[in-house]
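Remarks on the structure that follows.
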């Protein structure tokens, strides 16, 4: 086991990034024109990095599997983006955002990176507004803010429930501007299937044109993976159908270490599963917890009556409802962090208080705040003694203004009108804090290979706070990589573009081709989705919200058996020289079948509970996560050693110099 | 949990952009009203694979109505019979047991069919690359609250920016015009103070690219607005026409 060097700059926490920026090696404009950068993925991290690096003068190529870069799954982020602007005058600061993020991550994130993230958060808002991103505004014309979980300030900027869409379209526009000026070459419907290593450095990729099926070789002085998370290991998640781990997994198998693979975020407020046909789950934004109160019936009999359709939620009086988050966590109430809220929902449902057919749902109820808003509106309008109906009507207008699109989405999916009946919600896989290990420069353990955004592990520890994913994606792309890549590329200026008939490219392409042929030639009887669903069930049951050693070890055996069956009995229809969605899915599921096992191994190794990783053996008497800082205050970083399930653990020790490590409490 | 609906599908099958396509008929049984339209396709595709037939290729990704990737033309309407949603948000409860449903790709010269229900919409990306942006390099923005924008203008810009670039407007239009798509971006940026310096070149370049891509002319029938899953308003087209005329009259570049 070797020691990993995160290359955190010296100096006090608030000076590290400033000093780094003024001392990092630069590449002069003439040399930048000769340096080629490959970016895989066009979400917030990829599009913003592409725009920023092309603006600097680098030659950039961007690859994405969808038809347009604007489709990347960042588009679906709903609630908002954090920044330490303190526009609301409620006591926010860079330090507080830094502190909240470290604490929210249950003290498993790296101080240096997180402080830098908090520092650049304000620049992101400025940049986005300059691009024309239409954030929500107050009547005075200035920007509006709201709260998210795990904080006691209002620091979240938003654009209705479509913040991710607006930020991504901003980054996409910036990227397209560079495409239009010829500085970015854009490759739609292309999937990266391997990285190419020459003399120990990453020098390019093998990509498949998904329309023609043709494999292509692309050289780059460096390669940036901005390919998002791997939540689709679970089959059902809030990720898009195409979201996958293939790029990071290929990189991992070529030497990039994988950090904290078991850290998965289960989001508390998603629309519950409706049946076996379910293909994905839909999130209801965390912003709803600003005004929605979460509850289940106090009595099991009432829960039973609701499940069998004999009672309706609205028939239960206040005294008959258990607002369990407000009861357990009075200080943060409904705005506890996601891991805490998810576990609490599971606890109630496991205890028999669930409110839908399957017993796996709790209520998210807007009645109280609808009435509160209604009364304020009545006062504003000078209506004395408004009737109950009038209050509700006025309040609904306010709720509609704030969350209209989310309410519509809910009604569309469930067929139930959330203005009339409280929403039913249940936790679902949403985000992966784990990812490729990167140092302060965002470089992986492979020289020249970087990972940005959700694809890396760096900023969120064991639990990400709401509205921080968008912040990190754009921070990495707009404000971090343009500086840190100079540290590497300044030493590469003498390297001429390597022709892609180099043997390393030939070899890599051959391996990719062989794997495609292998998948097509199994000619078994079961579909890709059959295996994916089976894997997902194993992961959800045994490596989901609650984990224990026995189940995890069983899961590892089950995944191995499933993987063996996959390679014996898979059926992929069609051919390789054509657009073939089944073949695309098969390659991705083959990688999930390996990654899933590593996630379970990591979860077995971490004999503590922290953030989203809840090991049932390690909990307090009140059922809270019990960390073990003496033995596990480290990033678990896995090296692939060749062959099947052969991984070696390396540890990056986490040192807290600026934050006092403590039991996380939201009571 | 299977359901009790039986559906007959007539689906456009086309091997590739050069091949001739045709409608193929499929019966799908045990459809649950809670299934989404695309989940019904998943079920059919699983069956096709198990019968050793090639599944139907269709575009989809987020399945929550925001990425703009799904694109089916269902019974003569883009994204199907319901207003204000995309195909992925359409549920089978919107249909009846025994229904026959015809599913085709978007039809437009500027959106050539790639395979089955998948079309090439990269023309939209090229239109944005021609001018759908504000030219501001990373890192030199002023403080965000130095620009005050009236809430009404901000809200209207947001409403225009809500376009998901799916192309339903083009598919719905008898002329296959892209005016609603282009005008949404032109409007968003024209409504904001940040968009003012480039407003003339922007509208001229984007319209020129739109024409070059082979989209048809606008004859103001309003089918685009009626079928837009995000409710993008025809007002945007009026605004773009105004911007375009103004730019033609005033621009020094013309």
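The values are calculated or read from the model by the stated rules, or taken from the named source; none is laboratory data. Given the structure is predicted, the values throughout are model-derived calculations rather than measurements. Every residue, glycine among them, receives a Cβ derived from its backbone with ideal geometry; neighbour counts consider all protein chains shown.
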Residue that is nearest to the chain's Cα centre (by Cα) [pool: residues in the range A:78-92 that are crowded, with 24+ Cβ neighbours inside 10 Å, more than 9 Å from chain B (Cβ to nearest Cβ) and at pLDDT 95 or above]: A:81
Any hit, the range B:95-113, residues being touching a residue at least 24 places away in the same chain (Cβ under 8 Å), within 14 Å of the chain's Cα centre (by Cα) and assigned to a strand (DSSP E or B): no
All strands (runs of 3 or more DSSP E) inside the range A:211-286 with 2 or more residues being modelled with pLDDT under 95, touching a strand residue (DSSP E or B) at 6+ places or on another chain (Cβ under 6 Å) and surrounded by fewer than 21 Cβ atoms within 10 Å (Cβ to Cβ): none
Set A:155, A:146, A:108: member being surrounded by fewer than 24 Cβ atoms within 10 Å (Cβ to Cβ), away from chain B (no Cβ under 11 Å) and under 21 Å from the mean Cα position of the chain (by Cα): A:146
Unmet requirement for residue A:177, which otherwise passes all of (1) within 30 Å of residue A:33 (Cβ to Cβ); (2) surrounded by 24 or more Cβ atoms within 10 Å (Cβ to Cβ); (3) more than 14 Å from every other protein chain (Cβ to nearest Cβ): (3)
Filter pass, residue A:208 being more than 8 Å from every other protein chain (Cβ to nearest Cβ) and touching a residue at least 12 places away in the same chain (Cβ under 8 Å): yes
Hits in the range B:233-243 - residues which are surrounded by fewer than 19 Cβ atoms within 10 Å (Cβ to Cβ) and part of a helix (DSSP H, G or I): B:235, B:238, B:241, B:242
Residue within the range B:195-217 that is touching a residue at least 40 places away in the same chain (Cβ under 8 Å), assigned to a helix (DSSP H, G or I) and closer than 18 Å to residue B:155 by Cα present: yes
Single residue of the range B:125-156 satisfying the filter (more than 7 Å from chain A (Cβ to nearest Cβ) and buried (at least 20 other Cβ atoms within 10 Å of the Cβ)) that is farthest from residue A:135 (Cα to Cα): B:127
Checklist (1) part of a helix (DSSP H, G or I); (2) at pLDDT 95 or above; (3) surrounded by fewer than 24 Cβ atoms within 10 Å (Cβ to Cβ) applied to residue A:524, failing item: (1)
Any hit, the range A:119-130, residues being in contact with a helix residue (DSSP H, G or I) (Cβ under 6 Å, 6 or more places away or on another chain) and away from every other protein chain (no Cβ under 11 Å): yes
Candidate set: the range B:27-61, residues that are over 17 Å from residue B:115 (Cβ atoms) and touching a strand residue (DSSP E or B) at 6+ places or on another chain (Cβ under 6 Å); chosen: the one surrounded by the most Cβ atoms within 10 Å (Cβ to Cβ): B:36
Filter result for the condition that a residue is touching a helix residue (DSSP H, G or I) at 6+ places or on another chain (Cβ under 7 Å) and modelled with pLDDT under 95, over B:33, B:78: B:33
All helices (runs of 4 or more DSSP H) inside the range A:298-396 with 2 or more residues being crowded, with 21+ Cβ neighbours inside 10 Å: A:300-307, A:338-348, A:367-380
Unique match (being under 23 Å from residue A:640 (Cα atoms) and touching a residue at least 12 places away in the same chain (Cβ under 8 Å)) among A:419, A:426, A:450, A:410: A:450
Residue count for the range A:631-667, restricted to those that are more than 23 Å from residue A:8 (Cα to Cα), touching a strand residue (DSSP E or B) at 6+ places or on another chain (Cβ under 8 Å) and not in a strand (DSSP E or B): 3
Flag for residue A:108 being under 22 Å from residue A:442 (Cα atoms) and in a loop (DSSP other than H, G, I, E, B): yes
Members of the range B:214-232 found to be surrounded by fewer than 19 Cβ atoms within 10 Å (Cβ to Cβ) and either within 14 Å of chain A (Cβ to nearest Cβ) or over 11 Å from residue B:169 (Cα atoms) (or both), listed by number: B:214, B:216, B:217, B:219, B:220, B:221, B:231
Verdict on residue A:539 being touching a residue at least 24 places away in the same chain (Cβ under 8 Å), more than 12 Å from chain B (Cβ to nearest Cβ), closer than 28 Å to residue A:340 by Cβ and in a loop (DSSP other than H, G, I, E, B): no
Residue list for the range A:554-601, restricted to those being in contact (Cβ under 8 Å) with a residue 60 or more places away in the chain and over 20 Å from residue A:540 (Cα atoms): A:575, A:576, A:577, A:578, A:579, A:580, A:583, A:584, A:586, A:587
